[in-house]
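Read the structure below first, then the notes.
The values are calculated or read from the model by the stated rules, or taken from the named source; none is laboratory data. The structure displayed is predicted, hence computed values, not measured ones. With ideal geometry, Cβ positions are generated from the backbone for all residues, glycine too; neighbour counts draw on all protein chains shown.
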Amino acid sequence: MKCSFCKKEIEKGKGKMFVKTDGKIFYFCSNKCDKNMLKLKRKPAKIRWAAKKKKVSKK
Ligand SMILES: [Zn+2]
């Protein structure tokens, strides 16, 4: 499954699941994603660490 916020793959047994009262299910890879999605209601596209995969610079 994938993180509902940053779209990162979540390993089995890791991350957490959240079921909203309307039946929607969210998966989060970390508390950071959980907080951003549910409390701050941020859009992933507006957050650098969540949208950084678009342009990856090689080191
Ligand atoms: Zn995430």
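Here are a few things to note about the model shown:
- Restricted to the range 19-35, and to residues there that are in contact with a Ser or Thr (Cβ under 9 Å, 6 or more places away or on another chain) and assigned to a strand (DSSP E or B), the residue that is nearest to the ligand (Cβ to nearest atom) is PHE28.
- The residue that is nearest to the chain's Cα centre (by Cα), among those in the range 1-18 that are part of a loop (DSSP other than H, G, I, E, B) and more than 8 Å from the ligand (Cβ to nearest atom), is MET1.
- Of all residues making up the range 1-10, the number that are acidic (Asp, Glu) and closer than 12 Å to SER30 by Cβ: 0
- Scan of the range 15-30 for residues that are at negative phi and surrounded by 10 or more Cβ atoms within 10 Å (Cβ to Cβ), ordered by number: LYS16, MET17, PHE18, ILE25, PHE26, TYR27, PHE28, CYS29, SER30
- Residue match in the range 28-35 (condition: hydroxyl-bearing (Ser, Thr, Tyr) and modelled with pLDDT under 90): no
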